[in-house]
Every structure is written in structure tokens, then in C-alpha cells.
Amino acid sequence: MSSLVKEDLEKKLFKPLSQNLYEFIEIEFSVQDRYYLCVSVTKKEEVKIIMVKHYRIGLDEKYEVTKKWSLNDLKMIDGKEADTDNPFFDLHFKKVYSLEAYSCASKYAFARTVNKLNHAYLKKDLQIVNFDSTYINDDSIWSSNNKDCLVLMRICFYAFNLVCLSLCPFPL
């Protein structure tokens, strides 16, 4: 489903704006409408963070840009609590925007993409706080192009270790 939405977003919104869409996540912003937080790169190699409203008119899907920021203006991404599984995070521009991702995994996918594009295009000191750095940085043993599979892979690793430990005999 998400690949179809991404394809539709690219075709109807980002290609006409001469931008390449790198990542999008669904955010909980309004009860009535769907909103996406998108990360794109322009032809001038400017990284943009764009909030898009998604709605339907009849059978036609429509997308409307509601907010647009430059990655250059982003000071910090605050994941709120690194030790808990929550979808809440703040984007610190001149103003702080508190957002709720659809899932914790999508929050991490967004932060990974912003971090990666920052290193590729800006190389500025972007603060990413209250995230587990294991899942954010590409240099970790857990890095992968499968993005959301990182969390599942680590959980499986810990579960396997627990099973192995539980099967070990204890001396009496």
C-alpha cells in the first residue's frame, strides 16, 4: 500500500515540483484527513521537509502542501523518549512542531532518512536526540536498506538469546 501512495505522491505532487521524494511517513495530525511528512530533494540539491494533506474528491486522490521547511533550517529532531516505543517526536525549526508518526518504526525511518540526506547534502551538525542511535546511524551493525525491518531484526536477536539462555541447564 505505501509503495502505491509513494508512487502517487511522486506523480501528482513531487515530479511537477521537480523534486525527488526520498521518504514519507503518515502522521496523526487531524482526525478527518490524512497527513504525510515527506523528505525530498530539489534539482538544486536542496533537502525539503514537506507536510502534505491527502484527501479525496470523488474517486480522485488529491495532495496539498500544508507546510514546507528546508533541512538547512532544522536544528534538532527530538524523539521524546529513546527507551520507550512511542511515535511522538518534535521538529525544531524557528518554532517547535510536535508530531505523532503512525508508528515508532516510521518515526525512526524518517529520522534515518533526514540524517542520511543531511550527511549527503549539507554535512551540518544536526542534533538527533532521544533516539536509539543504533537504529539511526548507518555505521552500526544493524544498518540495512530494509529500514523498518531493523527493529524486528533486533527483537528476534534478543528473543533467540533468551530462548538459548532458558534452555541452558542450571546446576543444582
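The values are calculated or read from the model by the stated rules, or taken from the named source; none is laboratory data. Just so we're clear, the structure is a prediction, and the values are computed from it rather than from any experiment. Cβ sites come from the backbone with ideal geometry, for glycine too, and all protein chains shown count toward neighbours. In case anyone asks, the SASA skips ligands and DNA or RNA and just uses the protein heavy atoms, side chains included. Shrake-Rupley method; radii C 1.70, N 1.55, O 1.52, S 1.80 Å.
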**OP:** Can you work out which of the residues in the range 49-67 that are out of contact with any Phe, Trp or Tyr (no Cβ under 7 Å at 6 or more places or on another chain) and of a type in the set (A, V, I, L, M, F, W, C) is least open to solvent (accessible area, probe 1.4 Å)?
**Re:** Ile50
**OP:** Hey, can you tell me all the residues within the range 14-48 that are touching an Asp or Glu at 6+ places or on another chain (Cβ under 9 Å) and either closer than 18 Å to Pro87 by Cβ or open to solvent by 20 Å² or more (accessible area, probe 1.4 Å) (or both)?
**Re:** Asn20, Ile27, Glu28, Phe29, Arg34, Tyr35, Tyr36, Leu37, Cys38, Val39
Original post:
Which number in (1) modelled with pLDDT of 85 or more; (2) within 24 Å of Ser2 (Cα to Cα) marks the one condition that Phe93 misses?
Top reply: (2)
**OP:** Kindly provide the set of residues from the range 61-104 that are within 20 Å of Lys48 (Cβ to Cβ) and either in a helix (DSSP H, G or I) or of a type in the set (A, V, I, L, M) (or both), ordered by number.
**Re:** Val65, Leu71, Asn72, Asp73, Leu74, Met76, Ile77, Leu91, Val96, Leu99, Ala101
